[in-house]
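Comments concern the structure below.
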Ligand code: ACO
């Protein structure tokens, strides 16, 4: 039986930071950011944490699905900004929810993380290993940004989105996933360097680095390509799709994908104007906004796609 999303939820931190607010700290302008990216505002975590936001989003997804945390069998959380190396953010969410029967672990696929987590959970359910799953994308990107690098710090925001899955008569129809590790350094953030009693280096903390133009080229090539592959696998065309739920990195990337697929831009809802790029949280927050405020209804056809660091990419076609 197909695997279906039965409920969604999202959570954004309280503090809103507009482009104009950023002008006070960074050598930038609202005009530069808006015209190149479509981003006007983003939420920045001040007291919120990755696992805390994830748990709030997960509670809303469970509530929409009408399910209890104690019955959840799998939690897969996509993030590149966990609060701890260990325990995983998924285990923290398990504890917060009281989902004591669940298997819980994180996946790291950057902006593609939610799509990757969705496919992992789908296969766990399809094999019969578990009956249901909570999947979450949650990020506190603001803590790995170099706030002196205007080329990156203006692009990102913090937040979390979640979905609850189980078998149903309709649901996921096709999936495409891929990784291009040899191009990984175009978007990177180094972890702690090797540091022990045998090394002489001091402890250094690094930040996110991005070759924006290379990432742009990758996104506008790979995103439509994997969407078309997923549509072909589903025996559909772009005309059959009601909504394209894309990773919210940049309005110009989304417009380019729409053009390539010859699909009207109205089928590409966007949150990026008020969220910025939230990496793994972008797709589930977009989806939750479409479910709650955007008119997505059962029976609609949805194509999701994400692309990001790794490099990684993926697309999913489903009947809502
Ligand atoms: N404010 C003002 N000026 C800036 C800023 C800023 N925030 N950032 C860069 N500039 C300046 C640069 O210094 C440069 O000035 P110069 O010409 O005097 O040297 C000029 O603007 C142009 O810089 P570019 O980097 O060439 O700008 P570009 O037009 O390529 O736009 C951008 C940059 C928006 C990042 C673009 O490359 C892009 O959209 N890339 C896609 C990457 C992306 O969306 N990444 C998100 C994360 S990755 C992911 O989610 C997959």
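No lab work stands behind these numbers, since they all come straight from the coordinates. Source: prediction; values computed, not measured. Ideal geometry is used to build each Cβ from the backbone, glycine not excepted, and the neighbour counts take in all protein chains shown.
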Of everything in the stretch 15-33, what is assigned to a loop (DSSP other than H, G, I, E, B), out of contact with any helix residue (DSSP H, G or I) (no Cβ under 8 Å at 6 or more places or on another chain) and within 13 Å of the ligand (Cβ to nearest atom)? Give them in sequence order. 25
Over the stretch 261-277, the set of residues more than 16 Å from residue 156 (Cβ to Cβ) and within 16 Å of the ligand (Cβ to nearest atom) is 268
Restricted to the stretch 224-241, and to residues that are in a loop (DSSP other than H, G, I, E, B) and in contact with a strand residue (DSSP E or B) (Cβ under 6 Å, 6 or more places away or on another chain), which residue is nearest to residue 301 (Cα to Cα)? 241
Lone qualifier among 104, 133 - being over 30 Å from residue 206 (Cβ atoms) and touching a helix residue (DSSP H, G or I) at 6+ places or on another chain (Cβ under 9 Å): 133
Would it be correct to say that residue 247 is within 16 Å of the ligand (Cβ to nearest atom) and under 30 Å from residue 299 (Cα atoms)? yes
Consider residue 56 carefully, then state whether it is within 16 Å of the ligand (Cβ to nearest atom) and part of a helix (DSSP H, G or I). no
Residues to consider are 280, 315, 306; find the one that is within 16 Å of the ligand (Cβ to nearest atom) and either part of a helix (DSSP H, G or I) or within 22 Å of residue 15 (Cα to Cα) (or both). 280
Hey, any hits in the stretch 239-252 for a residue that's over 23 Å from residue 155 (Cβ atoms) and loosely packed, with under 14 Cβ neighbours inside 10 Å? yes
Search result, residues across the stretch 34-53 that are in contact with a strand residue (DSSP E or B) (Cβ under 6 Å, 6 or more places away or on another chain) and part of a helix (DSSP H, G or I): 50, 53
